[in-house]
């Protein structure tokens, strides 16, 4: 069995200094005064799951449950402390869209740069500028610095770049709430297209109603541990009734 | 079943192989590095009113002030072999390249935090790209220096073709030390301030606007100047950009040695520690 995402007993813990030491000066002073309170944070604790192709896997839980940390582990940003993660295929993360965009650069320059950061060939990205701006509905402003873009335009552009190829793994963090009604319908259609094309999708959201319509399976995280894992209806229903 | 052909594969159990992984990444991501350098240049030049980046204007203004103040003092009857302003410009250019490269490379990772905490890009790419951008600024600011050499009759010797050698070794030096600073800066915000102060002090310790003859009677002072690796870059650069001669062998050795050592050490330490650093980013 080789699923696009396999997580085995993933634990992520790190030392956190409660005193929030931010400079060398502070660290030196506090070390001398013996005021350093270091503790271990278990952001994820023994999390195991798999996501298959064409599956929409929802991750829910209260704030601080480890949802964002899990997204970063799948996106390869954070290596697990123990356990193992295997991700097969290209990952397109859509966590807080637009972070790769520089406002001083034009949409064209940003598309090429953003796409290349997502691991695509810059030469290929140059050819894709046209279709990407067209889909995002900003083709008149392709050579305008994105600093004059509205946040809606930025969101559409970033979504368009991220979903321009068919990634094997799509990581989504509250992305569908961006944009107006028409764009939401359009992006929903594209998401469905990606999923049908074989992408494994992981979605984090606080909007349970939206996830109920979308997700096929779900995982409920609480303080870094799995509280429930299974069919979306059951898990989301259970999470909803827990308050 | 349509089999999705995977070219990308991530297994968290694959350990980074220090040095090998990083140099593979530098090569694999060369397209992105080029784009990041272009981005840096575009943004800097777009923002400037005069069409010349402040990163180049800044050393030029420094040179102008130092020239006005010190040309009478160091310029008269000196054994520099070239007009004082040429000697001075070459000195300031190397000092600026060192400090700008180090600070750019050292702050690159923290500046790219927004991207690095969301998608996987080898972080060392950003430090290298920043150092390459600084090298480009250095190359561009060589144009006024070569202009001065021509106008003032110092000429441009054939050894000019060797100038890329100190340029590349300085690139290695700033990338290597920059990576060490970059991981420390994730933990402590004041690391970059300390770097600024230290590079400034180091730059005063090399003969940029002053000459070695000033301290020739003090072996201690001479030693302090000569152990500073940047001194060897400066000697080599001056010998090749206008001197038309070979610098002492020990300067060449020190330049190559410090560049290679700094890069190897920086990449190695960075590679070993990144797992611990990234959770704090």
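The values are calculated or read from the model by the stated rules, or taken from the named source; none is laboratory data. Note that the coordinates shown come from a computational prediction; the quantities given were computed from them, not determined experimentally. Neighbour counts run over all protein chains shown; Cβ positions are idealised from the backbone, glycine included.
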Fill in: Selection count, the stretch B:14-29, where residues are surrounded by 12 or more Cβ atoms within 10 Å (Cβ to Cβ) and modelled with pLDDT under 80
1
Discussion item. Within the stretch B:156-174, take every residue that is over 23 Å from residue B:26 (Cβ atoms) and not in a helix (DSSP H, G or I) and give me the one that is farthest from the other protein chains (Cβ to nearest Cβ).
Written reply: B:157
Fill in: Test result for residue A:228, outside any helix (DSSP H, G or I) and free of Cβ contacts under 8 Å to residues at least 40 places away in the same chain
yes
Discussion item. Of the residues A:18, A:13, only one is more than 12 Å from chain B (Cβ to nearest Cβ), at pLDDT below 90 and surrounded by fewer than 23 Cβ atoms within 10 Å (Cβ to Cβ); which?
Written reply: A:18
Worksheet, complete the sentence: Of B:92, B:109, B:121, B:177, the only residue that is touching a residue at least 24 places away in the same chain (Cβ under 8 Å), closer than 20 Å to residue B:279 by Cα and either more than 14 Å from chain A (Cβ to nearest Cβ) or part of a helix (DSSP H, G or I) (or both) is B:109
Worksheet item: Just checking, how many residues over the stretch A:116-153 are within 14 Å of chain B (Cβ to nearest Cβ) and buried (at least 17 other Cβ atoms within 10 Å of the Cβ)?
Response: 9
Practice prompt. Quick one: residue A:89 ticks every box in (1) more than 9 Å from chain B (Cβ to nearest Cβ); (2) surrounded by 21 or more Cβ atoms within 10 Å (Cβ to Cβ); (3) in contact (Cβ under 8 Å) with a residue 60 or more places away in the chain except a single one, so which number is it?
Written response: (1)
Fill in: So residue B:258, is it buried (at least 17 other Cβ atoms within 10 Å of the Cβ), within 14 Å of another protein chain (Cβ to nearest Cβ) and out of contact with any strand residue (DSSP E or B) (no Cβ under 6 Å at 6 or more places or on another chain)
no
Worksheet item: Among helices (runs of 4 or more DSSP H) lying entirely in the stretch B:189-281, which contain 2 or more residues that are free of Cβ contacts under 8 Å to residues at least 12 places away in the same chain?
Response: B:191-204, B:219-226, B:249-278
Worksheet, complete the sentence: Quick count over the stretch A:100-115, residues being closer than 14 Å to residue A:129 by Cβ, at the interface with another protein chain (Cβ under 7 Å from one of its Cβ atoms) and in contact with a helix residue (DSSP H, G or I) (Cβ under 6 Å, 6 or more places away or on another chain), is 2
Practice prompt. Sort out for me the helices (runs of 4 or more DSSP H) sitting completely within the stretch A:36-142 that have 3 or more residues that are within 26 Å of residue B:281 (Cβ to Cβ).
Written response: A:67-74, A:107-117
Worksheet item: Residue check: is residue A:188 within 17 Å of the chain's Cα centre (by Cα) and surrounded by fewer than 16 Cβ atoms within 10 Å (Cβ to Cβ)?
Response: yes
Discussion item. One residue is enough: does the stretch A:54-67 have a residue meeting the conditions facing chain B (nearest Cβ under 10 Å), over 17 Å from residue A:199 (Cα atoms), surrounded by fewer than 22 Cβ atoms within 10 Å (Cβ to Cβ) and in contact (Cβ under 8 Å) with a residue 40 or more places away in the chain?
Written reply: no
Discussion item. Among the residues in the stretch A:207-224, are any on the phi > 0 side of the Ramachandran plot, out of contact with any helix residue (DSSP H, G or I) (no Cβ under 9 Å at 6 or more places or on another chain) and surrounded by fewer than 18 Cβ atoms within 10 Å (Cβ to Cβ)?
Written reply: yes
